[in-house]
1. Which length gain, in nm to one decimal place, applies between Q30 and K2 when the Cα-Cα distance is subtracted from 0.36 nm times their residue separation?
2. Hey, what angle do you get for helix 2-40 against the long axis of the chain, alpha-carbon based, 0 to 90 degrees rounded to 10?
3. From the alpha carbon gyration tensor of the chain, can you work out the equivalent ellipsoid semi-axes (sqrt of 5 times each eigenvalue) and give them in Å, largest to smallest?
Amino acid sequence: EKQEQQKIGTFFTALDRYITIHQRKLENIQKLKKSLLQQMFV
């Protein structure tokens, strides 16, 4: 029971990190897109 709860906690911690990393990647890609679009119309 306790061990299973720890495994679930570990899983959600890892999932949270995974989501955070991908959110940062998405933000960087969106910034790049914005920058490239601005350069196209200069």
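1. The span from Q30 to K2 would gain 5.9 nm if fully extended.
2. 0 degrees
3. 41, 4, 4
Any read-out appearing in this document is the output of simple, stated calculations on the displayed coordinates, not a laboratory observation. Note that the structure is a prediction, hence the values are computed from the model and not measured.
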